[in-house]
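Reading through the structure tokens given below for one structure.
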Amino acid sequence: MATTVHLSSFSLFIQSRGRRDNSISSVKSLKKRTGLSPSSALTSQGGRDMIPPERKCNDHNSAFDFKLYMIRKAESVNAALDVSVPLREPLTVQEAVRYSLLAGGKRVRPLLCIAVCELVGGDEATAMSAACAVEMIHTSSLIHDDLPCMDNADLRRGKPTNHKVYGEDMAVLAGDALLALAFEHMTVVSSGLVAPERMIRAVVELARAIGTTGLVAGQMIDLASERLNPDKVGLEHLEFIHLHKTAALLEAAAVLGVIMGGGTEEEIEKLRKYARCIGLLFQVVDDIPDVTKSTEELGKTAGKDVMAGKLTYPRLIGLERSKEVAEKLRREAEEQLLGFDPSKAAPLVALASYIACRHN
């Protein structure tokens, strides 16, 4: 019988201890600590339980139009973000903030936050401040990731990166400004809509996701892993990077959606697991176009990860087995939605499939 990827019980919020560890040595204990090991997909006997991602891409429920849903949510988020960063003095840094924040994109993280909030009984208006906060932090991380001292990227979403337009000094400040604005915006706009104790919980959840036990840890290990011999590191090392660098903020977006929507502890648990699965799925799928698509198709420099000697799924396990891992993660994500109202869960089911099938 083919093995499956199972997620162990995750600790809830404040009670969780050691949910993430930023030391390189902790990579070896990742599988034991979380039980989340997509690499176990590779032990499936001949991959008999695999459904090729290409076949699943056209297997959406025709009763739910995810493309329309995504467009409408992105429009709502873009409008809210535009209002949140008015053009004012000092103009240069504010222009730099708006340049990256309003550059477009599919707004997957805020969409996730809103969809989860609606799933547990909340609405878009209640979730919007948290959704915007997550996108502000995501944009901040992209600005900083693109800097010469980090990933040294020239393009982002088909446009010159922030530091290429405004200079490295202003890009650093713009990223810092967005980080601070995220917490200010979420707490101020949600005042009166969300109970204070829930807001405190949301603030702590978001802060943990992006600090030295979250996104920063993932980025640090990612930088330290450049030029490592892939034969001397395992999948657990790579999974550690992406559980922190990519999945952590998606996880925070989902948990914030539950908190804002007044959800239960059990719902927090399920949606946290769902988000971790799609977070890893996002990165597995993101690694594939880097070696199969052109710069024009991607809207960013193609092959940059290969040139930088970064650890990627295709580099470690090959293209076909990377696709198998992606399909395993998509299934695991959908399993976390069982028991919810199917109509309300439809956007999240479709989101997992969308991430699994995206090409750039």
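Residues of the stretch 335-360 that are assigned to a helix (DSSP H, G or I), open to solvent by less than 50 Å² (accessible area, probe 1.4 Å) and not β-branched (Val, Ile, Thr): Ala345, Ala346, Pro347, Leu348, Ala350, Leu351, Ala352, Ser353, Tyr354, Ala356, Cys357.
Among the residues of this structure, Ala202 counts as one that is open to solvent by less than 60 Å² (accessible area, probe 1.4 Å), touching a residue at least 60 places away in the same chain (Cβ under 8 Å) and not charged (D, E, K, R). Annotation: of all residues in the stretch 269-290 being under 19 Å from Pro110 (Cβ atoms) and of a type in the set (D, E, K, R), the one that is surrounded by the fewest Cβ atoms within 10 Å (Cβ to Cβ) is Asp286. Just to confirm my filter: which helices (runs of 4 or more DSSP H) fall fully inside the stretch 82-174 and include at least 3 residues that are among the aliphatic types (A, V, I, L, M) and buried (at least 22 other Cβ atoms within 10 Å of the Cβ)? The helices (runs of 4 or more DSSP H) meeting that bar are 91-101, 108-119, 124-145.
Of the residues Gly234, Gly262, the single one that is modelled with pLDDT of 90 or more and open to solvent by 30 Å² or more (accessible area, probe 1.4 Å) is Gly262. With respect to the conditions (1) at pLDDT 55 or above; (2) of a type in the set (Gly, Ala, Ser); (3) farther than 23 Å from Arg276 by Cα, Gly46 lacks only one, and its number is (1).
The values are calculated or read from the model by the stated rules, or taken from the named source; none is laboratory data. The shown structure was predicted, so the numbers you read here are calculated from the model rather than taken from an experiment. All Cβ positions, glycine included, derive from the backbone under ideal geometry; neighbour counts span all protein chains shown. Ligands, DNA and RNA are excluded from the accessible area calculation, which covers all protein heavy atoms including side chains. Shrake-Rupley method; radii C 1.70, N 1.55, O 1.52, S 1.80 Å.
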